[in-house]
Amino acid sequence: MSTEKATDIISKYLTNQSTTVEIDFLLVWLREGENQKIFDDLVKVHLASTSALHSFDKNKVKMQLLDKINQQFKPKSIFKLSNYIKIAAVLVIALGTWFVFQNQEPTVLYTEILKPKSEAITLEMEDGSIQIINLAEPKTIINSAGEVVGSTTTNGLVYDSKNGSKKISYNTLKIPFGKKFQLQLADGTKVFLNSGTSFRFPTAFPDHGNRTVFLSGEGFFDVAKDRNHPFQIKTHEMQIEVLGTKFNVNSYENDVLNHVVLVEGKVALNEEKAAGQSTVYLNPGEKGTKFNGSESIKTEKVNVKPYIAWISGTLVFKNAKFEDMIKILERNYNVTIVVKNKALNSEVFNATFINESIESLLKHLGESYPIKHKIKDNIIYIE
């Protein structure tokens, strides 16, 4: 049967003018896969041009269609009736799809132009003075003894032991929300710092003992190998010790969870506040997790890629509670988000966003989940 003939029969059926024979032809025609879409489209066009559905009850519509079939055709066998039920079911699907399409509420309720706050990356020197770090403007880092200990490059900040400084002093980098930063320490260790992170480190490492740094936030470490000087990271909850390896540390003070994910090498984890805590070792592809205030570290095998995707600007959420997602979005974009629909906070989400603006991210989130938002007075409201 031609598409033109099928179109004519569908139109007649929808206007109560089709015959039993025509319905049988239509059933055969619908068995071909591509014809189903043509049928759906024709039903939607008919409904859009002839009616305005204010509510949709699938079961009610199906019963109405079956009543219509019984009244019109009075089929002679159960087999025939089942065919008409199939037609009714197909119509209900088309009706429902059209209704959802026509009545879907916009994901953006009201919007103004969002202007994310922009704050400077700062470097606090050992004497308490603050320097603004702007990679567009070359800068040399000079300690209190007047010695050059580092400089900025187009990629970040580089400290160089070859400068010959004998004075060991600590600097503190503070990365505001909405920004990331790259740093090379005096021993050659490379550190990538995420938004909302504070990192305290020495301008040069001592000839004896550990290479110790302090982290509050998130950082990816590519540690230079030095068997005689273990590299040690201290957070508010954990102490991580390595010789030379690559790993990610997530330890924000206002988060419930702290974790370390090992990419290569080997690391040792210790609970920072408990005396006599046994050491936990991680192998590549493992994650060590610790709840704030707990005295144990849980280990598990993981896919490391989602945990380090932030370095390249990708946000990966896997079985993430909505309230935890909001924290990450606020840090990443330096925006304020108010969740008015509190029921969302405990909901679990899975999503990946690659270098997207916050507006684009919220739009795509609203297309996949029943989430609406508005922007007012530079604040994002989730409803």
Report summary line: Result of the Cβ filter at 7 Å on the stretch 308-337, keeping first residues that are closer than 24 Å to Ser118 by Cβ and in contact (Cβ under 8 Å) with a residue 12 or more places away in the chain and partners that are basic (Lys, Arg) and surrounded by fewer than 17 Cβ atoms within 10 Å (Cβ to Cβ), at least 6 apart or interchain, is Asn334/Lys117
Requested in this report: Name, by its number, the condition in (1) modelled with pLDDT under 85; (2) in contact with a Ser or Thr (Cβ under 6 Å, 6 or more places away or on another chain); (3) closer than 20 Å to Gln182 by Cα that does not hold for Ser151.
Outcome: (1)
Requested in this report: Determine, yes or no, whether Thr212 is surrounded by 17 or more Cβ atoms within 10 Å (Cβ to Cβ), farther than 15 Å from Leu183 by Cα and either aliphatic (A, V, I, L, M) or touching a strand residue (DSSP E or B) at 6+ places or on another chain (Cβ under 8 Å) (or both).
Outcome: yes
Report task. Could you tell me whether the stretch 191-204 includes any residue that is in contact (Cβ under 8 Å) with a residue 40 or more places away in the chain, touching a Lys or Arg at 6+ places or on another chain (Cβ under 6 Å) and farther than 28 Å from Lys327 by Cα? Result -> no
Requested in this report: Just one of (1) of a type in the set (S, T, N, Q); (2) surrounded by fewer than 18 Cβ atoms within 10 Å (Cβ to Cβ); (3) within 12 Å of the chain's Cα centre (by Cα) trips up Ser360, so point out which.
Outcome: (3)
Report task. Look through Thr352, Thr336, Thr299 and report the one residue that is among the hydroxyl-bearing types (Ser, Thr, Tyr) and either crowded, with 18+ Cβ neighbours inside 10 Å or closer than 19 Å to Ile175 by Cβ (or both). Result -> Thr336
Report summary line: The residue from Ser118, Ser169, Ser151 that alone is touching a Leu at 6+ places or on another chain (Cβ under 9 Å), surrounded by fewer than 18 Cβ atoms within 10 Å (Cβ to Cβ) and among the hydroxyl-bearing types (Ser, Thr, Tyr) is Ser151
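Every residue, every condition in (1) in contact with a Gly (Cβ under 7 Å, 6 or more places away or on another chain); (2) surrounded by 19 or more Cβ atoms within 10 Å (Cβ to Cβ), yes or no:
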position	(1), (2)
Leu157	yes, yes
Lys162	no, no
Ser198	yes, no
Gly217	yes, yes
Lys225	yes, no
Leu243	no, no
**Report entry** Qualifying strands (runs of 3 or more DSSP E) (wholly inside the stretch 269-381; at least 2 residues being in the same structural domain as Phe177 (by TED's automatic domain parsing))
**Finding:** 280-282, 286-291, 298-301
**Report entry** Of all residues making up the stretch 131-151, the number that are under 31 Å from the mean Cα position of the chain (by Cα) and outside any loop (DSSP other than H, G, I, E, B)
**Finding:** 2
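The values are calculated or read from the model by the stated rules, or taken from the named source; none is laboratory data. All values reported here derive from a predicted model rather than from experimental measurement. Positions of Cβ are backbone-derived with ideal geometry, glycine not excepted, and every protein chain shown enters the neighbour counts.
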